[in-house]
Amino acid sequence: MRIKKCILMFLVVSITLIGCTQIGMKEYTKNIFALDTYITLTAYGRRNTPKILEKAAQRIEEIENRMSTEIDTSDVALINKNAGISPVEIHDDTFYVIERALWYCNMSDGAFDITIYPIVKLWDINGDNPRVPEKEEIQEVLALVDYTKVILDREKKTVFLSAPNMGIDLGAIAKGYAADEVVRILEEGGIEHGILNLGGNISVIGNKPDGTLWNIGIRDPREEETGSQYLAIAKISDCSIVSSGDYERYIKDIYEKTGIRYHHIFDPKTGYPADSGLIGTSVISKRSIDADALSTCLFVMGQERGLDFLKNVEGSSGICIDSAKKIYISSGMDDVLEITSEEYRLEK
Ligand code: AMP
Ligand code: MG
């Protein structure tokens, strides 16, 4: 009888404890604007979660202060100011991102090129005075785009742009790095479930709190035509999915008048917005820095070259959407992706 009572007591206590654990876990959200985009960090945890989210937000701001081209004192701005003059000693964070970015520049044979900055400035798609430059201007500025002229010194942690007027732009990779850092901080704080949205770059921690996979909508690049916000759902856990597309930033008034979309992802071989036939790409990788760089690579390379290239990068899978609304996927994507829009067709 006593043993039975003990077992009963044990069960009651255990059930109460499990109940408390779940009651104790709440959803906390933090919104910030940084890295030129709206960021939402959501974590499921206990009362200390807001503090952890605050620490993560500060880390994003720190990364922005080191990597933004627009902040005068950032590592990137100092590297650009000293182009053709002298090497600049920079923080480990920035050095790490530049080193990883250069790996992608090399591997993609220059489809990805962080020295694209002079072209980015010339078109000013993201800025106040976007315009279509003259061919001659583009040719002149294009001579400055060459990632092989970025000289790293690993010992001294310096970066040198070897020709005057060159410049680097980490816009295609820095958000991915920031997302990885947020995941690290949240996990170190004991968070087991969370979802981060850095302007469409999504990273998830674990599964959803109920144990099922996260359902991440992939934006329909032609939302204004089709009327649907998403074209597919990716079912994922513990990884990142990042998208690139011609719909994110483009010169709107020219598009409305002519139907031509001058967008923000450039082909470093031509100096014009990439014209590979794709309107959107998404990549899933363990780490967001890779998914971010790769989605931009795929967009410039086009579906055939891009998906072939993806085979070099273990653990990453990709989606390419072309202007005929056909979807191409790499191996590894079959089980993850559910196409929800009838406007799009999966090509096998
Ligand atoms: P994402 O949205 O990640 O595809 O990155 C686009 C941003 O990266 C642009 O706004 C530019 O700042 C920069 N960028 C544009 N074209 C390239 C390119 N070919 N390689 C690397 N960065 C680029
Ligand atoms: Mg990118």
*Filter region 239-262 down to residues that are away from ligand 2 (no atom under 13 Å from the Cβ) and surrounded by 14 or more Cβ atoms within 10 Å (Cβ to Cβ), then give me how many there are.*
9
_Candidate set: region 89-108, residues that are in contact with an Asp or Glu (Cβ under 7 Å, 6 or more places away or on another chain) and closer than 18 Å to residue 65 by Cβ; chosen: the one most open to solvent (accessible area, probe 1.4 Å)_ = 91
*With the condition kept exactly as written, say whether any residue in region 96-106 is in contact with a Cys (Cβ under 7 Å, 6 or more places away or on another chain) and assigned to a helix (DSSP H, G or I).*
yes
*Hits in region 279-291 - residues which are open to solvent by 10 Å² or more (accessible area, probe 1.4 Å) and within 15 Å of ligand 2 (Cβ to nearest atom)*: 284, 287, 290
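If you check residue 318 against the conditions, is it in a strand (DSSP E or B) and surrounded by 24 or more Cβ atoms within 10 Å (Cβ to Cβ)?
yes
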_Scan of region 224-275 for residues that are under 30 Å from residue 194 (Cβ atoms) and within 9 Å of ligand 1 (Cβ to nearest atom), ordered by number_ = 242, 243, 244, 245, 248, 249, 264, 265
*How many residues, within region 138-164, are of a type outside the set (A, V, I, L, M) and either surrounded by fewer than 14 Cβ atoms within 10 Å (Cβ to Cβ) or free of Cβ contacts under 8 Å to residues at least 12 places away in the same chain (or both)?*
9
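The values are calculated or read from the model by the stated rules, or taken from the named source; none is laboratory data. As the structure is a prediction and not an experimental result, all values here were calculated from the model. Heads up, the Cβs are rebuilt from the backbone with ideal geometry, glycines too, and the neighbour counts pull from every protein chain shown. Side chains included, ligands, DNA and RNA excluded: accessible areas come from the protein's heavy atoms. Shrake-Rupley method; radii C 1.70, N 1.55, O 1.52, S 1.80 Å.
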